[in-house]
Amino acid sequence: MAELSNQLMAVTVLSYLAAMVLYAAEYAFGNKSHIGRAAQRPARQLVGSGAPVPPSADDVEVEEAPAPAVRDRGVLLGRIAVGFNWLAFALHLGTVVTRGIAADRMPWGNMYEFTLTVTLVGSAVWLGVLTRKPELRHLGLFAALALVMLLGADGLIAYAPVGPLVPALNSYWFIIHVSTIILASGIFLIGAVPAAMFLVRAGYDEGKRRFPYSLGAKVPEAALLERLTFRLHAFAFPLFTFGALIAGPIWAEASWGRYWGWDPKEVWAFISWIVYASYLHARATPSVKRTVATWIAILGFATMLMNLFGVNLFFSGLHSYANAGG
Amino acid sequence: MPAAPPPPRKPNFAWSLLRNSWRQLTSMRTALVLLFLLAVAAIPGSVLPQRAVSPEKVTAYYTQHPDLAPKLEQIGGFAVYASPWFAAIYLLLFTSLVGCVVPRLRDHFRALRTVPPDAPKRLERLPQHAVVEERADDPAEAAQAAASELRKRRFRTRVREQGDGSWTVSAEKGYLKETGNLFFHFALLTVLVGVGFGHWYGWHGNRILVEGNDQGFCNSVTQYDESSLGPRVDAADLPFFCLRLTDFQAAYQTTGQPKSFDADVEVQTKQDGPWKARHFTVNNPLRLSQANVHLLGHGYAVELRYTDRFGAQQTKVVPFLPTDGLFTSSGVGSFPDVNIDPKTNKRDVNLQVGFEGVFVPTVDPAGGATSVFPAENNPALFLTAYRGDLGVEVGNPGSVYSLDQGQIANGELKKVSGDRPQRLTPGQSWTLDDGTKVEFLATRPFATLAVRYDPTATLVLAGAVVGLLGLMLSLGGHRRRLWFRISPRDGSGSLMEAGGLPRTDYPGFAEEFGQIVGAARGPDGGTP
């Protein structure tokens with residue numbers, strides 16, 4: 001069963017990779033999304049106003065005529081990409097479930113399993129968002145990219161063979177504490193995607209055309225991305241608060257005798273909490289620009305990554321059983 | 001932001017400076033900067049070893065960086081979370097918080113007591129607006145119908161009759177958002193105060209407890225290996241209880257990974273009271289009325305009997321500290337009061353004896369003093385004998401887990417065994433060069449216990465839970481206002497106009513507004 005899980009993991013990464021390539025193909029060859037096109041029009045007119053030629057029937061024809069064919073191809077690619085995305089999700093779920101069966105416990109006992117499940121939650125949240133708002137499909141490229149990178153890093157750096165839990169983890173708080181943090185981390189992960197793309201799009205709308213901003217041409221409207229970013233973070237933040245700052249300390253009190261002890265993992269959870277709290281405050285403050293607030297959200301995700309990879313690999317502490325290879 | 005105080009009649013430099021500083025401190029921008037500073041200031045505590053978390057790592061850091069360590073010590077690098085600069089940041093942050101939420105609390109109380117304001121003149125200027133052209137009923141009835149619809153949706157509603165025969169309905173909802181927000185911030189203050197009091201009035205101690213009725217301990221500062229009392233706690237305040245370990249069980253996987261640890265103890269909670277049997281494990285601490293006892297770790301204690309040159313025997317039970325996950329353990333047996341001539345009854349410091357040892361629960365069949373399994377499948381003890389002055393009289397606080405290396409270096413304490421340590425299995429004895437004898441009698445398990453009393457843990461937990469509930473209300477709630485204006489039409493019936501104003505960012509407001517207007521239109525309709 002453990003072998004099967006490892007094989008499924010490899011196929012999962014390949015499927016996400018395939019979905020990513022197809023999303024990219026849609027991105028490159030397909031037309032802009034409806035919203036992308038709608039937002040593009042004023043810019044085009046602005047350029048046109050420099051040359052005082054009234055829009056003629058020819059112009060309209062040039063603009064509209066090739067659209068259906070191109071769009072069909074793009075839409076087709078996009079739909080295949082979504083299909084692969086669902087396939088990858090199913091395989092991903094299979095990887096986690098077989099891993100759990102092989103270990104005969106919740107598959108959250110070490111860093112490899114933790115990251116595997118966080119990305120699964122991220123994938124589920126992304127597909128949920130996509131189902132509710134299909135017009136966000138262009139984000140798929142970046143969501144799949146994030147998942148492929150994290151899963152790849154997980155398999156390469158953090159892989160550990162199936163093993164039993166150390167006695168300290170043998171508690172129902174294990175399920176409560178770790179599952180809420182996994183949920184929150186997965187949502188923060190997917191929240192970071194529209195956050196990054198909002199910044200790109202906002203820069204593009206300001207007229208920047210250098211590399212990262214050039215990606216903004218085809219992503220959804222800035223306000224839509226920004227709102228999605230906020231909603232994902234506003235949902236994940238209480239979960240994270242519960243998992244890291246309530247369930248964690250309750251368990252720590254029972255297990256280690258103190259509810260908070262500035263263990264490196266606790267320090268970085270505290271830092272992430274503070275940074276995400278800053279994001280929510282900044283966003284609620286009208287005098288702070290939305291781009292500034294969103295940068296704080298990105299920083300928050302960077303601290304989460306630091307806590308996942310950095311703390312596990314560089315610092316030793318009470319959470320060390322989460323270590324790579326451990 | 002607090003409401004601006006009325007301007008002083010005469011400009012006063014000190015007063016305005018004070019006022020501006022307070023405004024600056026309680027502004028959201030300052031709060032954001034302070035939050036960031038707090039996050040950044042927390043980082044060193046994860047990079048540098050912290051004395052409160054792992055004092056042994058601080059000592060190791062001192063040996064590795066002898067120049068840098070004292071400088072870091074000066075600026076609180078090894079006690080970041082107790083340092084004045086860390087405290088300065090969070091105290092400023094909480095001052096800013098108080099300055100922000102207290103005026104907001106006042107405003108919110110006021111808002112809760114005020115009725116929703118009357119409709120603005122031009123509803124069509126609001127973000128949401130709808131007109132229902134035709135209603136069969138007269139304005140008063142229509143207004144009551146709209147109001148009951150709003151009340152059903154838990155809006156705070158007020159119906160007003162205007163002078164010109166028209167009626168208005170004002171409604172507001174979403175007060176819980178601000179209520180939750182205030183609960184969240186006051187809960188944070190509760191947590192801070194709780195943590196502070198817990199630090200002042202709490203205490204904790206660590207202790208290695210070896211199995212056996214002769215190895216028990218009672219709750220007093222002197223009996224702990226390491227202890228720390230809060231600033232408001234006196235050593236005499238510690239409650240009375242005694243503990244002895246009757247049994248300790250560790251179970252392992254075949255790979256050597258631990259499966260479970262179980263400790264059976266007997267507790268005496270009154271002087272000369274009865275001993276009661278209790279059981280606890282890693283995640284289920286022993287909860288006594290005034291303290292909790294947590295099982296942190298375990299290991300092996302070695303029982304050594306030394307027979308000196310006059311035939312006198314002494315037995316010591318010495319905990320050996322694990323040095324790896326498979327319980328290769330090291331420790332020492334010191335016998336300072338041996339080889340005392342019964343005729344003179346004088347102790348010769350040069351005839352004191354000490355043993356350095358490595359205990360291995362399962363010997364590597366390939367040889368070598370390292371363990372291959374954490375349980376005692378094939379135990380062995382590797383001893384090195386020293387004779388001479390152990391240096392215990394000098395009054396230096398020597399470790400009980402190692403011999404005084406200074407005494408060995410200056411030749412006061414001499415190695416008297418061969419180059420290789422002597423290997424002993426339980427029950428074996430070893431005769432030294434002077435005819436004295438050491439016996440490895442047996443091993444006993446020991447448990448590493450943390451005993452802790454934190455009077456405010458429940459308060460802090462309650463604060464955190466209330467804070468979370470407040471946070472959820474604050475993030476999930478939406479404050480919004482709705483108005484209906486119903487004017488009489490020529491002839492009969494009435495004309496209804498509605499407007500809506502979301503007071504916070506609320507993407508679903510248009511939908512809700514549409515539903516309410518649709519419901520207020522009533523089943524008999526009216527043309528939109």
For a label point 7 Å along the Cα-to-beta-carbon line of B:S487, residues of the range B:86-123 with backbone N under 15 Å: B:119-123
Rounded to the nearest 10 Å², the accessible area of B:R29 at probe 1.4 Å: 140 Å²
HN-Hα J in Hz across the range B:296-313 - Karplus 6.51, -1.76, 1.60, θ = phi - 60°, x for Gly and Pro: 9, x, 7, x, 10, 10, 9, 9, 10, 10, 10, 10, 8, 6, 9, x, 6, 10
Calculated FRET value between B:D214 and B:F36, using beta carbons and R₀ = 56 Å, to 0.05: 0.50
Point-to-point label distance, B:A87-B:N20, nm (Cα→Cβ direction, 7 Å offset): 3.1 nm
For the range B:102-112, 3J(HN,Hα) per residue [Karplus equation, 6.51 cos²θ - 1.76 cosθ + 1.60, θ = phi - 60°, Hz, x = Gly/Pro]: 5, x, 5, 4, 4, 4, 5, 4, 4, 5, 5
Euclidean distance between Cα centres, the range B:203-237 to the range B:27-83, Å: 28 Å
Inter-label distance for A:L87 and A:A302, nm, one decimal - labels placed 7 Å from Cα along Cα-to-Cβ: 3.7 nm
Nearest 10 degrees, 0 to 90: helix B:28-42 Cα axis against chain B principal axis: 20 degrees
With every protein chain in place, the range A:2-322: carbon and sulfur % of accessible area (1.4 Å): 70 percent
Under the Debye formula (equal points on every Cα, no solvent term), log10 I(q)/I(0) of the range A:129-279 at q = 0.14, 0.18, 0.20 Å⁻¹: -0.83, -1.13, -1.25
Per-residue ³J(HN,Hα) for the range A:145-156, Karplus 6.51 cos²θ - 1.76 cosθ + 1.60, θ = phi - 60°, Hz, x for Gly and Pro: 4, 4, 5, 4, 5, 5, 5, x, 4, 4, x, 7
Shielding score for B:457-468, defined as the mean number of other chain Cβ atoms within 10 Å: 3
Portion, in percent, of the accessible area of the range B:13-111 that falls on carbon or sulfur, probe 1.4 Å: 72 percent
Shape of the range B:203-453, Cα gyration tensor, a/c cut at 1.5: oblate
Rounded FRET efficiency, nearest 0.05, which uses the C-beta distance separating A:V75 from A:R227 and R0 of 30 Å: 0.75
Long-range amide H partners of B:W203 with built H, under 5 Å: B:G230, B:Y453
Per-pair calculated FRET efficiency, R0 = 30 Å: B:E511 and A:A217 via Cβ, rounded to 0.05: 0.45
Solvent-accessible area, 1.4 Å probe, carbon plus sulfur percent, for the range B:203-453: 47 percent
Listing of the range B:275-300 residues, each with accessible area lower by at least 40 Å² in the full protein assembly than in the chain alone (probe 1.4 Å): B:V282, B:N283, B:H294
Residue-averaged beta-carbon neighbours from other chains (10 angstrom radius) around B:39-51: 5
Whichever lysines have a C-alpha closer than 21 Å to that of A:K218, once near sequence neighbours (fewer than 8 apart) are set aside: A:K32, A:K133, A:K208
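Restricting to DSSP H runs of at least four residues, report the calculated mean residue ellipticity at 222 nm for chain B, -39500 (n - 2.57) per run over all residues, nearest 500 deg cm²/dmol.
Result for chain B: -9500 deg cm²/dmol, rounded to the nearest 500.
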Sorted peptide list for B:198-210, B:104-116, criterion being average Cβ within 10 angstrom, highest first: B:198-210, B:104-116
Stokes-Einstein D for chain B, Kirkwood Rh over Cα pairs, 25 °C, 0.890 mPa s (µm²/s): 80 µm²/s
Protein-only accessible surface order, largest first, of B:C218, B:C242 at 1.4 Å: B:C218, B:C242
Amide H contacts of B:V132 (H built 1.01 Å from N, under 5 Å, at least 5 apart or other chain): B:M496, B:E497, B:A498
B:N378 long-range amide H proximity, modeled H, under 5 Å: B:T362, B:V363
Å² per residue, accessible surface of the protein assembly as shown at 1.4 Å: 48 Å²
Peptide B:24-31, shielding by other chains (average Cβ, 10 Å cutoff): 2
Where labels lie 7 Å past Cα in the beta-carbon direction, separation of B:T59 and B:Q405 in nm: 1.0 nm
Tilt relative to chain B, helix B:55-64 - C-alpha long axis, 0 to 90 degrees, to 10: 70 degrees
Buried area at the B-A interface (accessible, heavy atoms, 1.4 Å probe, summed, Å²): 3800 Å²
Angle in degrees between helix B:457-476 and the longest Cα principal axis of chain B, rounded to the nearest 10: 30 degrees
Label zone at A:L313 (point 7 Å along Cα-to-Cβ), backbone N below 15 Å, the range A:101-125: A:111-112, A:115
List of the range A:263-280 residues, accessible area with partners at least 30 Å² below that of the chain alone (1.4 Å probe): A:V267, A:W268, A:F270, A:I271, A:W273, A:I274, A:S278
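The values are calculated or read from the model by the stated rules, or taken from the named source; none is laboratory data. Given the structure is predicted, the values throughout are model-derived calculations rather than measurements. No Cβ is skipped: glycine too gets one built from the backbone with ideal geometry, and neighbour counts run over all protein chains shown. Remember, those area values only see protein heavy atoms, side chains included, never the ligands or the DNA or RNA. Shrake-Rupley method; radii C 1.70, N 1.55, O 1.52, S 1.80 Å.
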